[in-house]
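Beneath this line is the structure, given in structure tokens, with notes to follow.
The values are calculated or read from the model by the stated rules, or taken from the named source; none is laboratory data. Since this is a predicted model, take the numbers as computed values, not measurements. No Cβ is skipped: glycine too gets one built from the backbone with ideal geometry, and neighbour counts run over all protein chains shown.
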2 protein chains.
Amino acid sequence: METLHVDLGNRGYPIFIGENLLEKPECLIPFITGNQVLVVSNTTVAPLYLEKVIKNLTDAGKQVITHILPDGEQFKTLEQVEGIFTSLLKGRFNRDCSIAALGGGVVGDMSGFAAACYQRGVDFVQIPTTLLSQVDSSVGGKTGVNHALGKNMIGAFKQPKVVLADVGVLDTLNAREFSAGLAEIIKYGLIRDNHFIVWLETNIEKMMMRDKAVVAEAVSRSCRNKAEVVAADEFETDQRALLNLGHTFGHAIETSEGYGSWLHGEAVATGMLMAADLSWRSGWISQEDVLRVRRLLLRAGLPVVPPVHMTPAQFLELMAVDKKVQAGKLRLVLLKALGDAVITADFSWELLQQTLAAGSSLGQVSP
Amino acid sequence: METLHVDLGNRGYPIFIGENLLEKPECLIPFITGNQVLVVSNTTVAPLYLEKVIKNLTDAGKQVITHILPDGEQFKTLEQVEGIFTSLLKGRFNRDCSIAALGGGVVGDMSGFAAACYQRGVDFVQIPTTLLSQVDSSVGGKTGVNHALGKNMIGAFKQPKVVLADVGVLDTLNAREFSAGLAEIIKYGLIRDNHFIVWLETNIEKMMMRDKAVVAEAVSRSCRNKAEVVAADEFETDQRALLNLGHTFGHAIETSEGYGSWLHGEAVATGMLMAADLSWRSGWISQEDVLRVRRLLLRAGLPVVPPVHMTPAQFLELMAVDKKVQAGKLRLVLLKALGDAVITADFSWELLQQTLAAGSSLGQVSP
């Protein structure tokens, strides 16, 4: 087992990474101060791991109730969070209760937001069960829900007390979900860790076969990168926005297709290739760099072509409500090199149009 | 005009108190950093003051949109806040926008909560138009909405950038709303400021006639008391809970009767008398003290008898979900003296039952 620490002063917390962490109550119980615990999970994860988590808690004398969400990004709504509040109130849970998120990013985002808002804030622990949530959403404290008019538009910064990333639970993940997680892993390499890209290029097939040691190493390197970025800029006033590489394009794809049709990681993968494409067209990286990104994404089982019916105009419309817009100016995360991303509004609209129109020809000179 | 400062480090802010502040854009504009402003108001207040506020903002070059809520505590719901998010997203408002609350406590609580959650936090300014909100909810950063199972159970701490308490706007307030505000004013005296009680006993009739200088003085003394308490304990880990004198009893009344039937201040008034009654039965204050509280509340036009049909069992049921419950133990704010409140779980359940059963005989030995 490896332990990382997210360095946020009195909001700091440990991330435990390893196998069979669900069998180690000592990783969970010390981080739950009160007596009441609501475990939030979903219909897919609950049958697999809920019983084990409940047992750890009840063995430690905690009063446990559960709230099971339907599975899917389309249920990441304010209305579903209100259901969590109803469970808390029906259980007469008070201010010193904790909420435990057992599931992927959707469960974590909604549980964390519920924890941020219930009685103006109660404790929160994360037990992420997907690769994506282990390397991304469970670390850093961004929580929230979607609005019909925009993804993740409603939320709060809420740091957990602990994150348990049990790589053993990833065995039950389907191939598509696993690949979606790889997208965010590749992202850390692209934005700030060139060595990690090279390591991924060497190890991607072992990852795809879910070699436990390799997966644990990838989760650990990802969490370390994310923890460093978050510690430097908790509330995303600045450099934390680098973590959004591919997300502005990706959110446009997700919104256009309806949440749940493209997985978040899939949309981010294609979005990252679009960002790489625009970086190349801007003369910042080479064409070979773009193709290298494309090959890695393909080896990771990820899509590299935006929806064929999305026009550049539709992309721009949807990108304009993204949170990276400041003072009316669209800012994008682009690449100065593989492993070196920047946040910038300094790009040519003509080149952006070319990227948005490239379709299956990303990384290639337009015909 | 008087200026108070709420001392919360980088979350600190000024409170301006005086007449005709809506005519003084210099009190508002410097506290709005971005270009986009959503003014939230309600159907009662908007026709009176919205135009003036919009003019101040547009004269300063701001892009202004509005969101008008229905008037009443029964609309303080997550669903209505989602409507505010819809306005923000339709207006393509981004992270550097501000939300201005123009109205009473309900408008302020909902706007502040929307500001806390929209894109995980945007700026917020308060223009309270009721006496209650000028002396209470606009100061201190508590925001939120009700849930069918409990009042103010969903929310966030969100400090405004400025509070404009224009006592001139109170002329349009009806008598019942005005009295509801007096309840919270009397509360500050009861919990920590015996001199203020004596001042109120001398000046209550002038207050009732809305003598501007007297009202401004009362607002100022109230805000000063609240600002001191909040500065010492922003997130209510401890002493800030003193501000809840009468609120645990009061919330039970409000929940039982349905939000909107008793005004919040009315329920708090009766709740404070119940707290005084229990303090007397506990031997901490004299019977004359309780009757003094009762007389002051009556002179302020406030109710002093709980709903006749509420049984002690109903009260306890509703009080058990109150936020002041810690580790399963009901804590109440009680009086050691007039002007000296304590938060305590150390009271006799038998005496509490007597208080809950006293009905119109609060402050009197049971027949």
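List the strands (runs of 3 or more DSSP E) inside segment A:116-232, counting only whole elements, that have at least 2 residues being touching a residue at least 40 places away in the same chain (Cβ under 8 Å) and aliphatic (A, V, I, L, M).
Details: elements: A:123-128, A:142-147, A:150-157, A:163-166.
Where strands (runs of 3 or more DSSP E) fall fully within segment A:116-232 and carry at least 2 residues being touching a residue at least 40 places away in the same chain (Cβ under 8 Å) and aliphatic (A, V, I, L, M), they are A:123-128, A:150-157, A:163-166.
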- Query: Within the bounds of segment B:44-59, is there any residue that is outside any helix (DSSP H, G or I), within 14 Å of chain A (Cβ to nearest Cβ), modelled with pLDDT of 95 or more and under 23 Å from B:L22 (Cβ atoms)?
  - Reply: no
- Within segment B:82-109, can you find the residues that are crowded, with 24+ Cβ neighbours inside 10 Å, farther than 17 Å from B:K62 by Cα and within 13 Å of another protein chain (Cβ to nearest Cβ)? B:D109
- From the list A:T311, A:T248, A:T344, A:T255, pick out the single residue that is of a type in the set (V, I, T) and over 24 Å from the mean Cα position of the chain (by Cα). A:T311
- Message: Residues to consider are B:L38, B:L50; find the one that is under 18 Å from B:V162 (Cα atoms) and either aromatic (F, W, Y) or without any contact (Cβ under 8 Å) to a residue 60 or more places away in the chain (or both).
- Response: B:L50
- Message: Could you go through segment B:38-60 and let me know if any residue there is farther than 20 Å from B:G108 by Cβ, in contact with a strand residue (DSSP E or B) (Cβ under 8 Å, 6 or more places away or on another chain), of a type outside the set (G, A, S) and outside the structural domain of B:G258 (by TED's automatic domain parsing).
- Response: yes
- For A:V139, which of the numbered conditions (1) out of contact with any Cys (no Cβ under 7 Å at 6 or more places or on another chain); (2) modelled with pLDDT under 95 fails to hold? (1)
- Can you name every residue in segment B:45-54 that is farther than 16 Å from B:V125 by Cα and either acidic (D, E) or surrounded by fewer than 20 Cβ atoms within 10 Å (Cβ to Cβ) (or both)? B:P47, B:L48, B:E51
- Members of segment B:233-262 that are of a type in the set (S, T, N, Q), outside any helix (DSSP H, G or I) and away from chain A (no Cβ under 14 Å): B:S261
- Message: If I go through segment A:208-227 residue by residue, how many of them are in contact with a Lys or Arg (Cβ under 9 Å, 6 or more places away or on another chain) and either of a type in the set (K, R) or buried (at least 19 other Cβ atoms within 10 Å of the Cβ) (or both)?
- Response: 4
- Item | Among the candidates A:A183, A:A156, A:A175, A:A165, residue that is more than 14 Å from chain B (Cβ to nearest Cβ), touching a strand residue (DSSP E or B) at 6+ places or on another chain (Cβ under 7 Å) and of a type outside the set (S, T, Y) | A:A165
